[in-house]
Structure formats: C-alpha cells, structure tokens
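Q: This is the structure, below, for whatever I ask next.
The values are calculated or read from the model by the stated rules, or taken from the named source; none is laboratory data. None of the values given here were measured: they were computed from a predicted structure. Positions of Cβ are generated from backbone atoms using ideal geometry, with glycine treated the same way; all protein chains shown enter the neighbour counts. Just so you know, the surface numbers come from the protein's heavy atoms only, side chains and all, with ligands and any DNA or RNA stripped out. Shrake-Rupley method; radii C 1.70, N 1.55, O 1.52, S 1.80 Å.
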Amino acid sequence: MTKAKAKTTDYAAQVKEGFADLQERAKTAYDKGTEFASEMGEFNKANAEAVVEAGKILAAGVQDMGKAYVADVKEAVEVATADVKEVAAVKSPSEFVELQGKIARRNVDATVAAVSKNTEAWVKLANDAFAPLSSRASVAMDKIRKAA
C-alpha cells in the first residue's frame, strides 16, 4: 500500500508539475501575444498617420497648383485682350501676318513652358505625397526582415 501511495503521490506531483509548466507556457504565450498586439496597434496607427499626412500634402499641393492655374488663366486673358487690341490696330495685311506670327510663336513658347512647369509640379507633388507612405513601407520591410 505504501508503494501505491508513493506512485499516486508521484503521479500527482507529475500532474501538478505538468499543469504548472502548461500554465507558465500559456502565460508566456499570452504575454508575447499581448506584446505583438500592442506592436501591431502602434504600427497600424503609424500607417494611418502616414496616410493622413500624405493626404494633407496632396491636398495642399493641389490647392497651390489650383491657385497657380487661376493666375495663369488670368494672365492668359490679359495677354489675349492685349493681342485683340494689337490686331485691331493693324493697318496692313503684311503687318497682320507679322503680328500673327509673333503671337503664334509666343503662344507656342508659353504652352511648352506651362506644360513643362505643370509636369514638374505634378511629379514633385506625387513624390512629396508618397514620401510618408514610402517611409512606412520601409518600416514594414524592416519588420519582415527581422521576423524572418
């Protein structure tokens, strides 16, 4: 009977030890899960902030470009008005042809300059607006590299 009690005590001790080990592992897993959830929350918050920042940059850039377009249109109307006055003051057909050539050259040059300026502005705006998102992508890649 003493051997039976000893074996029962051994099994009870083993079971207690097993449950204690299981409990410790569960606690460790829970702590790691909590830490991971906290990191993911912070990571997602930073991602959301980057999207908001990119949106602000884009909105401000589009607003500035809109103001520039309004100024360009105003200037174009003023130039067209001056051109109409010059055309009205023409006294001969040769003077008219010469004026038309001058106006056409100026308008082509102005169009090329405006297209170039607007293209550069859009490219810069796209790069500026994408910068916060690119930064977050780099952080994500670093986390993936560390995890692997």
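Q: Quick one: how many residues across region 116-138 are over 12 Å from the mean Cα position of the chain (by Cα) and open to solvent by less than 50 Å² (accessible area, probe 1.4 Å)?
A: The qualifying residues number 2.
Q: Something else now. Out of curiosity, is VAL108 under 21 Å from GLU120 (Cβ atoms) and under 28 Å from the mean Cα position of the chain (by Cα)?
A: Spelling it out, it is not the case that VAL108 is under 21 Å from GLU120 (Cβ atoms) and under 28 Å from the mean Cα position of the chain (by Cα).
Q: Which residue pairs have Cβ atoms closer than 7 Å, lie 6 or more positions apart in sequence or on different chains, and pair a first residue in region 107-132 that is farther than 30 Å from ALA46 by Cβ with a second residue that is open to solvent by 50 Å² or more (accessible area, probe 1.4 Å)?
A: ALA114/ASP72
Q: Quick one: how many residues across region 35-54 are under 14 Å from the mean Cα position of the chain (by Cα), open to solvent by less than 60 Å² (accessible area, probe 1.4 Å) and free of Cβ contacts under 8 Å to residues at least 12 places away in the same chain? Step through it out loud before you land on a result.
A: Step one: list which residues in region 35-54 are under 14 Å from the mean Cα position of the chain (by Cα), which gives 46-54.
From what's left, open to solvent by less than 60 Å² (accessible area, probe 1.4 Å): 46-48, 50, 54.
Now restrict to residues that are free of Cβ contacts under 8 Å to residues at least 12 places away in the same chain: 48.
Of the residues in region 35-54, 1 are under 14 Å from the mean Cα position of the chain (by Cα), open to solvent by less than 60 Å² (accessible area, probe 1.4 Å) and free of Cβ contacts under 8 Å to residues at least 12 places away in the same chain.
Q: Any residue in region 84-94 that is open to solvent by 50 Å² or more (accessible area, probe 1.4 Å), over 24 Å from GLU120 (Cα atoms), among the basic types (Lys, Arg) and not in a helix (DSSP H, G or I)?
A: yes
Q: Inspect all residues belonging to region 63-72 and state whether any of them is open to solvent by 70 Å² or more (accessible area, probe 1.4 Å), acidic (Asp, Glu) and out of contact with any Lys or Arg (no Cβ under 7 Å at 6 or more places or on another chain).
A: Yes, that holds for at least one residue.
Q: Count, please, the residues in region 60-104 that happen to be of a type in the set (Ser, Thr, Tyr) and either closer than 28 Å to SER116 by Cα or under 48 Å from the mean Cα position of the chain (by Cα) (or both). Give the steps one after another, and end with the answer.
A: Taking region 60-104 and keeping what is of a type in the set (Ser, Thr, Tyr), we get 69, 81, 92, 94.
Filter again for either closer than 28 Å to SER116 by Cα or under 48 Å from the mean Cα position of the chain (by Cα) (or both), leaving 69, 81.
Residues flagged as of a type in the set (Ser, Thr, Tyr) and either closer than 28 Å to SER116 by Cα or under 48 Å from the mean Cα position of the chain (by Cα) (or both) within region 60-104 amount to 2.
Q: Checking the conditions here, which among VAL77, VAL97, VAL123, VAL84 is within 30 Å of GLU53 (Cα to Cα) and β-branched (Val, Ile, Thr)?
A: From the options VAL77, VAL97, VAL123, VAL84, the qualifying one is VAL123.
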